[in-house]
Amino acid sequence: MPPYAGRRMPRIRQVPAHGGRQTSTIVRDLAYLTRLHREPSPLLLELEQHGLREGIPIVDRAAGRFLSVLVHCMQANRVLELGTAYGYSTLWMAQALPSAGRIWTIDPDMHRTEIAASYFRRAGLEERIEIINQPALEVLEWFPQRNLDIVFIDAIKTEYPAYLDAVVPLLKRSGLVVVDNLLWGGRAAASPRSSDDADTVALRAFSRTFLNYPDLDATIVPIGDGIGIGARVN
Ligand SMILES: C[S@@+](CC[C@H](N)C(=O)[O-])C[C@H]1O[C@@H](n2cnc3c(N)ncnc32)[C@H](O)[C@@H]1O
């Protein structure tokens with residue numbers, strides 16, 4: 001007998017796929033959550049403003065918080081990041097590291113990573129963060145670390161599939177691969193067009209690959225610009 005036999009079926013709230021009401025609810029919910037959370041540390045706030053002022057693409061604050069919680073709950077000692085920029089996401093993770101923790105962060109742009117390093121010094125965390133100034137795919141050919149707790153991917157979008165193949169074997173069992181920008185400012189979910197740019201096309205294909213990756217238990221959550229999170233299962 002079905003569990004609701006003889007009783008009224010519970011009403012399932014249907015959320016329309018499109019429509020102004022849904023959009024305004026999401027905007028209001030996000031504004032509410034922004035007000036609800038306490039502010040990041042003054043240094044993170046300064047770095048966030050620095051990045052935004054100079055048009056540096058950094059993770060959304062909500063994504064930074066999410067990374068911080070992941071590092072805390074996993075007591076992650078060994079973190080690899082692809083795409084440092086000014087070190088905003090790095091600093092969110094570094095502030096959550098246990099005392100023996102270490103982050104390797106890769107970005108070929110030396111100007112950006114010098115700025116990142118200045119923030120790491122000011123946070124007193126420079127000893128725990130190693131910056132590698134080379135393209136990620138080159139580094140991943142010789143990178144000697146294994147049993148990583150978390151790999152955070154936030155570099156060249158069209159290279160995401162190659163990053164994924166290279167980093168999953170570096171994770172410990174149940175280690176996490178976390179990927180930014182899978183919603184790509186609304187472009188990923190928009191109806192595909194022949195005029196779509198290469199990043200949008202690549203990210204759509206990547207998300208399908210990611211969610212069906214044989215060695216991962218993976219999902220994508222609408223935090224910030226869309227975060228993929230996958231745990232290594234094999
Ligand atoms: C989106 S930004 C990273 C933002 C950073 N994760 C944050 O939230 O603060 C992407 C970075 O990838 C870097 N990048 C470009 N080519 C790269 C490559 N081949 N390997 C690794 N990083 C690369 C760019 O210099 C840029 O700083």
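FYI, it's all coordinate maths here, none of it is from the lab. What you see is a predicted model; the values in this text were computed from it and never measured. Here the Cβ positions follow ideal geometry from the backbone for every residue, glycine too, while neighbour counts run over all protein chains shown.
Points worth noting:
- Shown for the range 38-232 is the translational diffusion coefficient from the Stokes-Einstein equation, using the Kirkwood radius over Cα pairs, a temperature of 25 °C and a viscosity of 0.890 mPa s: 147 µm²/s.
- Rounded to 5, percent antiparallel among DSSP beta bridges of the chain: 35 percent
- Alpha-carbon centroid distance for the pair the range 130-207 / the range 36-88, whole angstrom: 17 Å
- Surrounding net charge for ARG204, when Lys and Arg each add one and Asp and Glu each subtract one, Cβ distance under 12 Å: +1
- Evaluating 6.51 cos²θ - 1.76 cosθ + 1.60 at θ = phi - 60° for every residue in the range 186-197, the Karplus couplings come out as x, 6, 5, 7, 5, 4, x, 9, 5, 8, 4, 6 Hz, glycine and proline recorded as x.
- Neighbour net charge for ILE115 - beta-carbon separation under 10 angstrom, K R +1, D E -1: -2
- Fraction of the pair-distance distribution of the range 31-72 above 12 Å, Cα-Cα pairs, percent: 66 percent
- 3J(HN,Hα) along the range 228-234: x, 9, x, 9, 5, 10, 10 Hz, from the Karplus curve 6.51 cos²θ - 1.76 cosθ + 1.60 with θ = phi - 60°, whole Hz, x for Gly and Pro.
- Selection among LEU91, VAL71, ILE106 by position relative to the dipole of the range 63-117 gives VAL71 as farthest towards the positive end (Cβ unit charges, Cα centre).
- Springs join every pair of Cα atoms under 10 Å in this Gaussian network model of the chain, and among LEU97, LEU33, LEU70 the largest mean-square fluctuation is at LEU33.
- Approximating the spin labels as points 7 Å out from Cα along Cα→Cβ, the LEU43-to-ARG121 distance works out to 1.2 nm.
- LEU148 long-range amide H proximity, modeled H, under 5 Å: LEU171, LYS172
- Per-residue Cβ neighbour rank within 10 angstrom, fewest leading, VAL178, VAL69, VAL79, VAL139: VAL69, VAL139, VAL178, VAL79
- For the chain, the dipole from Cβ point charges (+1 on Lys and Arg, -1 on Asp and Glu) about the Cα centre works out to 1460 debye, to the nearest 20.
- Across the range 143-154, coupling constants 3J(HN,Hα) worked out from phi with the 6.51/-1.76/1.60 Karplus curve, θ = phi - 60°, read 4, x, 6, 10, 6, 6, 7, 9, 10, 10, 9, 7 Hz, and Gly and Pro carry x.
- Distant-in-sequence amide H partners of ILE129 (H built 1.01 Å from N, under 5 Å): ILE103
- Proximal charge balance of GLY226 [Cβ under 10 Å; K/R count +1, D/E count -1]: -3
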